[in-house]
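S.K.: To start, I am sharing the structure in question, which I have written as structure tokens.
Bear in mind that the values in this text are calculations on the coordinates, not laboratory data. Just so we're clear, the structure is a prediction, and the values are computed from it rather than from any experiment. Note that each Cβ is placed from the backbone with ideal geometry, even for glycine, and that neighbours are counted across all protein chains shown.
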Amino acid sequence: MQFGSDNQTGASQKVLDYIARSNDEHTHGYGDDQWTQDARDKINDVFETDASVYFVATGTAANSLALASLVKPWETILCHHQAHIFIDESTAPEFFSGGARQIPVTQKSGKVHASHIENYFSQAGSDTPHNVIPKALSIAQANESGLVYSPNELKALSEVAHQHDLKLHVDGARFANAVAASRVTPAELSWKAGVDVLCLGATKCGCLAAEAVIFFDQALAKDFEHRRKRSGHLLSKGRLFAAQFLGWLDDDHWLELARHANQHALELAQQLGQLDKVRLAWPAQANEVLAIMPTAMVKTLQDASAEFYPWYEQALPPREQLGQDETLIRLVTSFKSNMDEVRRFIDIANNS
Ligand SMILES: Cc1ncc(COP(=O)(O)O)c(C=O)c1O
């Protein structure tokens, strides 16, 4: 019963096969090779655009280096109160941007809405050297509550962001799950809705370590080569990233993997929602389930070797509170999840 995180799985066989194939060749180093060019072209095909694409090894590096391209050290980044960049990346965004601060604009909301940005600016100080000056809005897709922003929600966010001279950054560690959950194209869920930079994570959904920073607004990528090298993310054997992305994107493999993960989360959520003592904190829309259950049930499941994490209480929806003997948990499914482990988890919960 592996619901700890989608990065606890390995890589898909197809991705491994591509890595093995790339291993047979001699290529130039540092991304100056045909594999890397093909992977960039493939990403542009999938997104139906002509973006600047760079590969790095971790989501933290992707987010931090992308954000560093959007803000100066004295500027700020608006984000969700549970954003990975705010609570789970140490101070990497500050480190790589030279100090730019992140400011959460939500408190109990599952998503960032345009109204949160308007509220922020209605109360913000003026644009003087004494004040903090936001220049970026960062959201996650799928997000920290396991929810998916629709193209219309993204458009509303990008419009208000651009009105206030903010660039829109998307942490897409689970972008594959978001696309698989939506009936829209990757383009509609990104640049067509006004996203300026997307960090497309492949690691959690079938790769070993592969993240692409995609600048739809190419001018923003001006110094990225230097930032990446300086951070130590310019791989000498650049084909390693490229081979993973080529395998992952081939023939919609990424969406097949993401769909599998999502289906298992939906099943978990549906079944958990039917148990008397359990309630869902948020609807499961991608591959994460946030559920509130008796602490004794959590313990029984953990004793039965179910892998998952108790989750931050701040991730609860408005008007939701944990009872004295209740715990919020997060369950994450992956491309390797199977219905047997879902059924076992539900049986144990049901009988506890
Ligand atoms: C929303 C989100 N963004 C980014 C990341 C990437 O982080 P890492 O630096 O561990 O690859 C994660 C991983 O947990 C995540 O959940």
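S.K.: How many percent of Cα pairs in the range 99-196 exceed 17 Å?
M.R.: 50
S.K.: Moving on to the next point. At a 10 angstrom cut-off on C-beta neighbours, averaged per residue, how do the peptides 121-130, 74-83 rank from highest to lowest?
M.R.: Those peptides, ordered most packed to least, come out 74-83, 121-130.
S.K.: Oh, and also: The range 1-82: percent of C-alpha pairs farther apart than 21 Å?
M.R.: Across the range 1-82, Cα pairs with separations above 21 Å total 54 percent.
S.K.: Please report, to one decimal in angstroms, the Kirkwood hydrodynamic radius of the range 254-351 built from all distinct Cα-Cα pairs.
M.R.: Working: mean 1/r = 0.0738 Å⁻¹.
For the range 254-351, inverting the mean 1/r across all distinct Cα pairs yields 13.5 Å.
S.K.: Please arrange Lys204, Lys135 by how many other C-beta atoms lie within 10 Å of their C-beta, fewest to most. It would help to have the intermediate numbers written out before the result.
M.R.: Working: Lys204 25, Lys135 19.
Ascending number of Cβ neighbours within 10 Å: Lys135, Lys204.
S.K.: Another question, then. So what is the 222 nm mean residue ellipticity for the chain from helices alone, if each DSSP H run of at least 4 adds -39500 (n - 2.57) and you divide by all residues, rounding to the nearest 500 deg cm²/dmol?
M.R.: -11500 deg cm²/dmol
S.K.: May I ask for the Rg/Rh ratio of the range 42-112, computed from Cα atoms with Rh as the Kirkwood radius, given to two decimals?
M.R.: Radius of gyration over Kirkwood radius for the range 42-112 works out to 1.04.
S.K.: If you stretched the chain out fully between Gln274 and Met339, how much longer would it get, using 0.36 nm times the residue separation minus the C-alpha to C-alpha distance? List each step's numbers first, then the result.
M.R.: Details: separation 65, 0.36 × 65 = 23.40 nm, distance 1.68 nm.
The span from Gln274 to Met339 would gain 21.7 nm if fully extended.
S.K.: For the chain, what is the Kirkwood estimate of the hydrodynamic radius, computed as the reciprocal of the mean inverse distance between distinct Cα atoms, to one decimal in Å?
M.R.: On the way: mean 1/r = 0.0481 Å⁻¹.
Kirkwood radius, the chain: 20.8 Å.
S.K.: Next question. Using Cα positions and a limit of under 28 Å, work out the lysines in reach of Lys42, with same-chain residues fewer than 8 apart set aside.
M.R.: Filter leaves Lys14, Lys155, Lys167, Lys192, Lys204, Lys222, Lys229, Lys237, Lys336.
S.K.: Per-residue HN-Hα couplings for the range 331-341, Karplus 6.51 cos²θ - 1.76 cosθ + 1.60 at θ = phi - 60°, whole Hz, x for Gly and Pro?
M.R.: Result, rounded to whole Hz: 10, 10, 9, 9, 5, 9, 4, 9, 5, 4, 5.
S.K.: To the nearest Å, what is the center-to-center distance of the range 29-85 and the range 150-213, using C-alpha atoms only?
M.R.: Each part's Cα centre sits 11 Å from the other's.
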